[in-house]
1. Of the heavy-atom accessible surface of the chain (probe 1.4 angstrom), what whole percent is carbon and sulfur?
2. Under the rule of -39500 (n - 2.57) per DSSP H run of 4 or more residues, summed and divided by the residues of the chain, what mean residue ellipticity at 222 nm is obtained, to the nearest 500 deg cm²/dmol?
3. Using alpha carbon centroids, what distance separates the range 111-180 and the range 28-78, in Å?
4. If you take the square roots of the eigenvalues of the alpha-carbon gyration tensor of the range 109-210 and sort them as a ≥ b ≥ c, do you get rounded (a/c under 1.5), prolate (a/b over b/c) or oblate?
5. Send over the Kirkwood Rh of the range 84-168, from the inverse of the averaged 1/r over different Cα pairs, rounded to one decimal Å.
6. Regarding the chain, what are the three Cα extents along the principal axes, ordered largest first, in Å?
7. About its Cα centre, how strong a charge dipole does the range 170-265 have in debye, to the nearest 20, once Lys and Arg get +1 and Asp and Glu get -1 at the Cβ?
8. I need the peptides 130-138, 215-223 ranked by packing, meaning the mean over residues of other C-beta atoms within 10 angstrom, with the highest value on top.
Amino acid sequence: MDLVEQRLWRDIWGSTDPAIAAARGVEARSFGPIQVTAIRDLPDSRWLNLVLGAATPDAVGDGHLEAAIAWADSLGVSYYVPVTPAVAGAAAAEEWLRANGFEHGYGWMKFKRPGGTVLENADLPRGVEIRELARGEGADFGAIVASGFGLPDWAAALFDRLPGHQDWRCYLAEVDGEPGGCAALLIDGEMAEFGIAATLEHARGRGCQSALLRRRIEDAEGAGCRTLFVETGERTEDRPSASYRNILRAGFEETYVRPNWQRPD
């Protein structure tokens, strides 16, 4: 799952218009097994500014984590260092991060759904239509992602070229004929990662994301995927999450909470 996740972010960075990437400081770099993505003009968006692969065996011993952190620090952005628990390099990564002044931030819950699981029949919510987008149809998709995640308008360019990108399937939920929500699916062999899901305020509470989850499950299983996975913020008392509930209702199961390490605010 970690390797597919790295690809997801690598594809997003790679699909961004090069002129906009240069103007906004959209950068990605690899340090051995570690991948760093960052956006200079979104310095507070830790969910986009990521150091992935810290728990890879030998990432600490071979100096890759240290080099990746040094580069991330040089960019002047806040970022997360997710560490997948219970893998070979997790303990070494957490020890290094703790020794170098990092602390736990808000974690992400990983969910999995075995392919081939029976999906109960359900009609689309009233007034909601789901449409898969073709190459060149990403304007609404990018705009909804930017708005839904509280990003500036220009950040739509990070996502508007994903429809039609290799192994990606992107969807638009129309509510009463108007764009209301979106979501994406990355198929990598027999694995499928669900992500980039957002809903505009006027469409919330209409069942867009439940319908988008169902469509992506059907398409992933139709493509022969055996493992479907998705993540959202861990459930805490001060962070109610409709997406968390929707994911469970769609037959996904909680797998583990992955800590996100960060520099202290």
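1. Ligands and nucleic acids excluded, carbon and sulfur reach 46 percent.
2. That calculation yields -8500 deg cm²/dmol at 222 nm.
3. 28 Å
4. Verdict is oblate for the range 109-210.
5. Hydrodynamic radius (Kirkwood, Cα pairs) of the range 84-168 is 17.6 Å.
6. Largest to smallest, the principal-axis extents are 54, 41, 37 Å.
7. Value, rounded to 20: 160 debye.
8. Ranked by mean Cβ neighbours within 10 Å, highest first: 215-223, 130-138.
The values are calculated or read from the model by the stated rules, or taken from the named source; none is laboratory data. This is a predicted model, so every value here is computed, not measured. We place every Cβ from the backbone using ideal geometry, glycine too, and count neighbours over all the protein chains shown. Heads up: the accessible areas ignore ligands, DNA and RNA and are worked out on the full protein's heavy atoms, side chains in. Shrake-Rupley method; radii C 1.70, N 1.55, O 1.52, S 1.80 Å.
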